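**Student:** Structure below; questions to follow.
The values are calculated or read from the model by the stated rules, or taken from the named source; none is laboratory data. Keep in mind that this is a model prediction, so the values were computed, not measured. Ideal geometry is used to build each Cβ from the backbone, glycine not excepted, and the neighbour counts take in all protein chains shown.
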Amino acid sequence: MIKIGNITLPDFPLLLAPMEDVSDPPFRVVCKDNGADLLYTEFISSEGLIRDAIKARRKLDIFDEERPVGIQIFGGDEERMAMAARIVDVTNPDLLDINFGCPIKGIVNRGAGAGVLKDIDLMVRLTEACVKSTRLPVTVKTRLGWDDATKNIEEVAERLQDAGIQALAIHGRTRCQLYKGEADWSLIAKVKNNPRIHIPIFGNGDINTPQKALEYKNRYGVDGIMVGRAAIGYPWIFREIKHYVQTGGMLPAPTLAERVAVSRKQLRRSVAWKGPKAGIYSMRRQYLYYFKGLPGFAELRQRLVTAITIEEAESVLDEILIKYEGFEMVQEPIVLKDYHENCAL
Ligand SMILES: Cc1cc2nc3c(=O)[nH]c(=O)nc-3n(C[C@H](O)[C@H](O)[C@H](O)COP(=O)(O)O)c2cc1C
């Protein structure tokens, strides 16, 4: 068992990574249904929360069925972070997570996200401000360091633990690497093996198969794994990893009926939570992954991603079931995209 404050997680828990515009309640629920043990919201700006921006407040929505769930915030000002932590506290998630890893230029330049990796004293003060302002367990997600010359995660881990955090998730890249190259988990292992460190250490970066998850578990000794991109449109990755770690065997690929049922659930939840337009829109990029590998799917996919009402989208889902009845889905490789390649980084 792994403990974070009073949250109890199973051995070697699997975490759904916080992902902007992706890790919303409908997506989190389907990941939970399929084996994710701990979920996070996308990052929420402390400034936005304080100004009560409607969008920021909406991101605080959590539902009992997804617990345990953490709310992630970011910011570069101690007082504002303390205020944001108090706001989060009253919305009653299971934990508060601080983002010290976001590489986006606009955030880094404001001294937040991965920008804080350049100033560990500030990172500690921001963390302490949050720890003091909430009764929730506080956790942190960060990267190895700012750049190749300053991979300071070992010092960061010790100092944040001393500041009172109760778990640390580490993405095995530096800020300057963005998403380039391969995530390097060897420094994550060093943090884990540091005898001073007693909080759970979660590894993150590039996990896209059950085999890789088990290999990294054994090689790097982390307490659990956080999965991001591989879960988009493929929430089954969690149960597949779990099964493989426990038995060494691969689960069969989800059937077509399961893919339709789960995408339908996510679609309905999205529409219920965000309203018809935004709900349907947010599902569009996920269908590609849900139905990857279906031969002759271009026309139906085009109709799915251009549907403008839920009835239209659901009737395409019905058609998929009919057209591909009896079709045996096979495991398709999960290709991890560089999501930030077009972002202002
Ligand atoms: C679309 C997208 C949005 C992201 N948004 C956040 C975020 O809000 N907070 C955060 O800490 N990390 C964010 N990340 C980083 C992921 O949490 C994760 O660290 C990264 O994708 C590496 O894990 P993976 O290789 O399993 O995807 C985001 C990543 C993606 C792809």
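**Student:** Give the residue that is farthest from the ligand (Cβ to nearest atom), with candidates limited to residues of the stretch 66-83 that are touching a helix residue (DSSP H, G or I) at 6+ places or on another chain (Cβ under 6 Å) and over 13 Å from Thr127 (Cβ atoms).
**Tutor:** Among those that are touching a helix residue (DSSP H, G or I) at 6+ places or on another chain (Cβ under 6 Å) and over 13 Å from Thr127 (Cβ atoms), it is Met83.
**Student:** Quick one: count up the residues across the stretch 295-344 that are away from the ligand (no atom under 16 Å from the Cβ), of a type in the set (D, E, K, R) and assigned to a loop (DSSP other than H, G, I, E, B).
**Tutor:** 3
**Student:** Which condition number in (1) under 18 Å from Ala231 (Cα atoms); (2) more than 12 Å from the ligand (Cβ to nearest atom); (3) at pLDDT below 95 is the one that Asp21 fails?
**Tutor:** (2)
**Student:** Look at Arg229 and say whether it is under 20 Å from Met19 (Cα atoms), modelled with pLDDT under 95 and either touching a Phe, Trp or Tyr at 6+ places or on another chain (Cβ under 8 Å) or within 10 Å of the ligand (Cβ to nearest atom) (or both).
**Tutor:** So Arg229 does not fit the description; no.
**Student:** Looking at Leu126, Leu122, Leu96, which is the one that is at pLDDT 95 or above, within 20 Å of the chain's Cα centre (by Cα) and either part of a loop (DSSP other than H, G, I, E, B) or over 21 Å from Gln177 (Cβ atoms) (or both)?
**Tutor:** Leu96
**Student:** Of the residues that sit in the stretch 90-102 and are under 21 Å from Thr8 (Cα atoms) and in contact with a helix residue (DSSP H, G or I) (Cβ under 7 Å, 6 or more places away or on another chain), which one is farthest from the ligand (Cβ to nearest atom)?
**Tutor:** That would be Leu96.
**Student:** Another question, if that's okay. Does Arg159 qualify as being charged (D, E, K, R) and either farther than 20 Å from Asn194 by Cβ or within 13 Å of the ligand (Cβ to nearest atom) (or both)?
**Tutor:** no
**Student:** Let me ask something else about it. For the condition more than 29 Å from Asp147 (Cα to Cα), surrounded by fewer than 18 Cβ atoms within 10 Å (Cβ to Cβ) and within 15 Å of the ligand (Cβ to nearest atom), what is the one hit in Leu60, Leu49?
**Tutor:** After ruling out the rest, the residue left standing is Leu60.
**Student:** If you don't mind, there's one more thing I want to ask. Considering only residues of the stretch 103-119 that are within 14 Å of the ligand (Cβ to nearest atom) and either part of a loop (DSSP other than H, G, I, E, B) or of a type in the set (Ser, Thr, Tyr) (or both), which is surrounded by the most Cβ atoms within 10 Å (Cβ to Cβ)?
**Tutor:** Ala112
**Student:** Okay, next question. Checking Leu14 against (1) more than 19 Å from the chain's Cα centre (by Cα); (2) within 15 Å of the ligand (Cβ to nearest atom); (3) not charged (D, E, K, R), which test does it fail?
**Tutor:** Looking at each condition in turn, Leu14 falls short on (1).
**Student:** Right, another one. What residue, among those in the stretch 200-224 that are buried (at least 18 other Cβ atoms within 10 Å of the Cβ) and more than 26 Å from Glu332 (Cβ to Cβ), is nearest to the ligand (Cβ to nearest atom)?
**Tutor:** Filtering the stretch 200-224 for residues that are buried (at least 18 other Cβ atoms within 10 Å of the Cβ) and more than 26 Å from Glu332 (Cβ to Cβ), the one nearest to the ligand (Cβ to nearest atom) comes out as Phe202.
**Student:** Testing Gln246 on (1) touching a residue at least 24 places away in the same chain (Cβ under 8 Å); (2) surrounded by fewer than 21 Cβ atoms within 10 Å (Cβ to Cβ), one condition comes back false. Which one is that?
**Tutor:** Unmet condition: (1).
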